[in-house]
Amino acid sequence: MNPTNKFTGKRLTGLLGTTRKSRIIGAGAVFLAVCAFGAAGVAPLAPDASDLPVKSIAENLELPNLADQIAALQKDDQQFIHEEKVRPGDTLAALLTRLGVDDAAAVNFIKSDKVAKAVMQLKTGKRVQAQTDENGELQWLRASVVDGRDNPVKQISITRTGDKFSAEEAPAKLERRVEMRAREINNSLYSATDATTDGGKLPDVIVAQIIEMFSTSIDFRSDLKRGDRFNVVYETFWQDGEMVRAGRILAGEFVNRGVTYQSVWYEDPISKQGGYYTFDGKALKKAFLKSPLEFSRISSGFSMRTHPISGAWKAHKGVDFAAANGTPIRASGDGVIDFAGVQGGYGNLVSIKHWANYTTAYAHMSRFAPGLRKGSKVSQGDVIGYVGSTGWSTGAHLHYEFRVNNEAVDPMSIKVLAQAPMTPAERARFQIAAGDMSHRFALLRPTTASNMAR
């Protein structure tokens, strides 16, 4: 037998396998291998990059005509916007000169218009913006007028239309921002709040709120320890990219000697009543103030006494606080005005109905707070009137009554009451707000890795 036939017959069949399936697979593999070696054999080698021909191409590009562009720009009216801050001793002329304004008509208008002349009373450091044309004629001017606490209250706008000017004022528009800060105490509370490691120090008004918020749990004079830390979320208000004031603390967390204290502000959108709560919904604010006056002394307590006018021996169903005429009187708790007017021997009287069956009354006022009327809501600490001596009174003082179910009780003897508990609906809304603040605190807390490295 021919050796070639012998190999290609039985031996080749043996190499490819004995079953039909294995022979098909083996033949396919042999075919692919042959194709691969064939492609490698016929494929040309890539030329070396240095052997490739190099071709230079030169092309003339037409440059734009700058003279035409300049001429086109000169045809358009040029507008310039300037911003300056009021300097000590500034006159209107000096301020306008720095703003690039050279416009006698604008100066006369600002001096004569009752709205525009507010620009002349701006405080030092306040910003003024103005737009002028290429000749210095004023197109518009904007400035903010602030109140006694340096808060912007209205925006003054002066606008040119043709040859005439107009001025208008509108409430200042402030941008509200929510800021978060985390601090660790290494030396003192104030050195921690003044640190700028995370971009800026805490505003003084926020520091004061932190102390007030946690002072019932922490003695900031003696309890602070190196390594204590606190996180705070608060609001700030901005105008034209400049912070004008800080607002309220929205949430605070203080870790003192390993113990964590937390507080979150919540104002119910339905009832409009707000206060600070723990994260499980317990009110931190007490329901009633001990005294409706900030600084006073008790001149007559809740007891039997001889009436100073009638001379009769009778019960004195309230507490008298001696104070100067005109001293502000504060609402001792949240509630609704039930009465505001003159009532017999009480003189000028305000009665406030609180939650449940509690009522407080404030008598002998010299006058009521502006806008006070029956049905209006008041919050704890709101000024409702001023100390006087109206009705059956022998001198300036406040007669204060605390009533339960319309029965007078001694306000100095009642136990400290917590704020009114939340309703189920209020608690559900509170949990949403508290959850957001809890998430923010989680972002501010140091990571486990950083704690271990310490």
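Overview of values
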read-out	value
For residue 339, distant residues with modelled amide H under 5 Å away	351
Partner aspartates and glutamates for residue 164 [C-alpha distance under 17 Å; skip if fewer than 8 residues away on the same chain]	102, 103, 113, 133, 137
Shape of segment 142-208, Cα gyration tensor, a/c cut at 1.5	prolate
Charge tally in the Cβ shell below 10 Å around residue 433, where Lys, Arg are +1 and Asp, Glu are -1, residue 433 excluded	-2
Size of electric dipole in segment 58-165: Cβ of Lys, Arg +1 and of Asp, Glu -1, about Cα centre, debye, nearest 20	1120
Whole-Hz ³J(HN,Hα) from phi, Karplus 6.51 cos²θ - 1.76 cosθ + 1.60, for segment 369-385, glycine and proline x	5, x, x, 6, 7, 4, x, 7, 7, 10, 10, 3, x, 5, 6, 10, x
Model label zone, residue 195; criterion: amide N under 14 Å from point 7 Å along Cα-to-beta-carbon; scope segment 254-284	255
Positive minus negative residues near residue 369 (Lys, Arg vs Asp, Glu; Cβ under 14 Å)	+4
Shape box of segment 346-399 [Cα atoms, principal axes, largest first, Å]	34, 24, 18
12 Å beta-carbon shell around residue 170, net charge (K/R +1, D/E -1)	+1
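Read-outs: derived from the displayed coordinates by stated rules, not from any lab. These figures come from a predicted structure and were not determined experimentally. All Cβ positions, even for glycine, are placed from backbone atoms using ideal geometry, and neighbour counts span all protein chains on display.
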